[in-house]
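The structure appears right after this line, and notes come after that.
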């Protein structure tokens, strides 16, 4: 798919393309060369939070929620990519979609695995190497999240040093989403409408939230809840719903009062996310009983701000201003160096 330049009309949200004959009301997230600064800033904040959490920064006890920010952005971008392709070509090429994901992700992941295995073999306790081979195999199969969930390798209550591949669990969740969601989009749009697809995304997010809440109340292990694709699908589906609801947001942003309300909501959401990340721990019960949904909705509200992010946010680590033009390959997860 060829990237195309996009000119934004007055009052439009950045990152949305204008449909011919429909003045100032773009239908879907653009898949062209438009910069979406609000997404730039959110991604930078997310990776900074995750790195801070893993470095043990005391005031970032909830920094692991940066992973949820990545999930929301991935759901938003992938859904926009798929629906825009269908709008432009009349179909969605699964072969093209999957091949782009493979070209984007596999080389970096294979390099990470090879270097990790070699260094670990030469420097680590030899008794731990067989376990690392299992981690690497699960990572290659994009089921690392389930592997870590059922092998007791969590972010919480670790009795031994964590696997150096533990951070790739989130990539497995996203890859499973990439495998299933395009099929859902194709089937739903074949027999229904974009509104129906929006309803499917919202229902999926609600079902995932209900499942994690019920399992939490029943005392299911936190690792199972934290890593499970079914229990963590909420955020990616909220992102998908945001992409599908974009036309409504753009129409609203054309009215000054509504635009101001959207901006105010985004600022409140961003402030709330900052407070949550500095006052929440990964094992807090409320997260597993609706909290992850609240965080995802907060990310969505922050991303929908019509004015975009502050300019300084795009200069933070991994804001990647050189690659955040939303071309056909730009809607993949962050590169391996920014993995959560």
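Show me 168-174, 286-292 ranked by packing, highest mean number of other Cβ atoms within 10 Å first.
Result, highest mean first: 168-174, 286-292.
For a footprinting-style exposure proxy, rank 216, 99, 208 by other Cβ within 10 Å, fewest first.
Taking fewest neighbouring Cβ atoms as first place, the list is 99, 216, 208.
Rounded, prolate or oblate for the stretch 148-209? Axes are the square roots of the Cα gyration tensor eigenvalues, ordered a ≥ b ≥ c, and the cut-off for rounded is a/c under 1.5. Intermediate results must be reported in sequence, preceding the final value.
Values: a/c = 5.01, a/b = 2.71, b/c = 1.85.
It is prolate, given that a/c is not under 1.5 and a/b is the larger ratio.
Order 193-201, 255-263, 80-88 from most to least packed using the mean count of other Cβ atoms within 10 Å.
Descending mean neighbour count gives 80-88, 193-201, 255-263.
Using a/c under 1.5 as the rounded threshold, could you call the stretch 74-222 rounded, prolate or oblate? The axes a ≥ b ≥ c are square roots of the C-alpha gyration tensor eigenvalues, and prolate needs a/b larger than b/c, oblate otherwise. Before the final figure, lay out each step's value.
On the way: a/c = 3.90, a/b = 1.55, b/c = 2.52.
Judged from the Cα gyration tensor, the stretch 74-222 comes out oblate (a/c at least 1.5, b/c at or above a/b).
Read-outs throughout are calculated quantities, based only on the coordinates presented, and are distinct from any laboratory measurement. Computed from a predicted structure; not experimentally measured. Reconstructed Cβ throughout: ideal geometry from the backbone, glycine too, with neighbour counts over all protein chains shown.
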